[in-house]
Amino acid sequence: MPAHSPRVAVVGAGLAGLVAAVTAMERGADVTVYERLDTPGGISAESAGWIWRYCDIETFRRCCPLGDVAVCTMIMEHFDADLVWLVEYSGVRVLASDSSRSTTVGVRLDMGATLAALAAEVGQRLHVRVEVVGARTTSGGGIALAVEERRAGHAAEVDPTWIEHDEIIFAGGGHAADTEWIARDAGVDEAISVTWTLRSDRGGNGVSQRVAASLGALESPATGECFARVMPVGATHLAPGDRARFGELLELADAELVDTDGDRITTGPDDWSGAQRAWKLARRGRGSLVLPSSVLCDDLHGMRVEDVLRAGARAGARVRDDGGERIRIDVCAGLTHSIDGLRVDAHARCLQADTRGTSAPLVAVCAAGCDVAGSGAGGYASGLAQALVLGRLAGSI
């Protein structure tokens, strides 16, 4: 550890990055946060605010059979205390504490207010419209990052500036916005991938993961899997909260998803969220969401199903009566965040291959949030929980 306060760079200012930054500041670090967008928050800013864990590790592993075991364990061990810290630190009110799910424990927060409180604490240490595009180790034992200032979404036509730090935390949000990457790794051809939409234009573009890999950080085996929700075709101006609720329609017990050939898309009994059905749809193209009319008055996390559909129709979705007893909506897969990512140890330190072919921690390089190989692979887990827990761990190294 250097004699001076450690110079910590955080790449990305979503929930994971902001939590990591504040945590590092608590231990006296000299923190700089780089965010490529105009404002902080990332995809966390457009979430419904539910942050949760499974009731026990057995349920977690059953519902997310391909999830990284180390990350699943970290969430189970640290989530409760970290959630208390987040609520107390940000000063936000808990909006709800009962999701009506017997398998999960958590709360709903005003995520906008939570992120605003964290960003305010980071203050002028946060630099927006700046993207980290490269990294290299230095002769003094530090890590220099290549940063580019961006204008109107484009990199400035100047050479990047190299800035040296002692520790790096990658929290860039995965690579959901790099649909070519996802399609290639998932084995999906272009005719299918063009049917996809992004649930948020704030998703990660994969650059932070590639920079981490250039330092020797190991990535999980490429599967292309993304956390996906169904989205209405043609709804071009659906508000973030309505997007979140629309994606949750597949949680309804009687909801059916069919492809363009009329074949039902099914998964196992543990796909309670419909996330795996949505990912199957992503590999087939567009389809239809079919709901019985009897669910229109049902509550969907504080909003009636009928009102969710009306919001979709106002935004341009095609919602139609299918014979009086069913409602049919044309849908496509909405990509939220990638599942593949960087591998980390129990302290959120990135792993690297050593000379014996095994893995060892990469000194002074951590990762958090969606830049990490997801706990929800093969199922569905809380991305906000992963952001919170790994952000706290990464910031405390």
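No lab work stands behind these numbers, since they all come straight from the coordinates. Bear in mind that the values here come from a model prediction, so they are computed numbers and not experimental data. Methodologically, a virtual Cβ is constructed for each residue, glycine included, from the backbone with ideal geometry; neighbour enumeration extends over all protein chains shown.
Summary table
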{"read-out": "Euclidean distance of C-alpha centroids, the stretch 211-290 and the stretch 46-102, integer Å", "value": "20"}
{"read-out": "For q = 0.06, 0.12 Å⁻¹, Debye-computed log10 I/I(0) when each Cα of the chain counts as one equal scatterer", "value": "-0.23, -0.90"}
{"read-out": "Under Karplus coefficients 6.51, -1.76 and 1.60, residue-wise ³J(HN,Hα) of the stretch 59-72 in Hz, glycine/proline x", "value": "5, 4, 5, 5, 7, 10, x, 9, x, 5, 4, 4, 5, 4"}
{"read-out": "Dimensionless Rg/Rh of the stretch 292-333 - Kirkwood Rh, Rg from C-alpha atoms", "value": "0.96"}
{"read-out": "At R0 = 35 Å, FRET efficiency that the Cβ-Cβ distance of His347 and Met303 yields, to 0.05", "value": "0.30"}
{"read-out": "Hypothetical label at Asp321: residues of the stretch 293-308 whose amide nitrogen lies under 12 Å (7 Å Cα-Cβ projection)", "value": "293"}
{"read-out": "Projected label distance in nm at Thr260 and Glu77, using a 7 Å step from Cα toward the beta-carbon", "value": "4.8"}
{"read-out": "GluC sites (Glu not before Pro) within the stretch 130-207: DSSP coil, no more than 16 neighbouring Cβ in 10 Å", "value": "Glu157"}
{"read-out": "Cα convex hull volume per residue for the stretch 18-174 (Å³)", "value": "147"}
{"read-out": "Under-5 Å amide H pairs with Val133, H placed in peptide plane, nonlocal only", "value": "Ala146, Val147, Glu148"}
{"read-out": "Asp189 paired with Ala120, simple spin-label distance in nm, labels 7 Å along Cα-to-beta-carbon", "value": "5.4"}
{"read-out": "The chain - share of DSSP beta bridges that are antiparallel (%, nearest 5)", "value": "70"}
{"read-out": "Normalised convex hull volume, the stretch 226-336, alpha-carbon set, Å³ per residue", "value": "95"}
{"read-out": "Calculated [θ] (222 nm, deg cm²/dmol) that DSSP helices of n ≥ 4 give over the chain, each run adding -39,500 (n - 2.57)", "value": "-8500 deg cm²/dmol"}
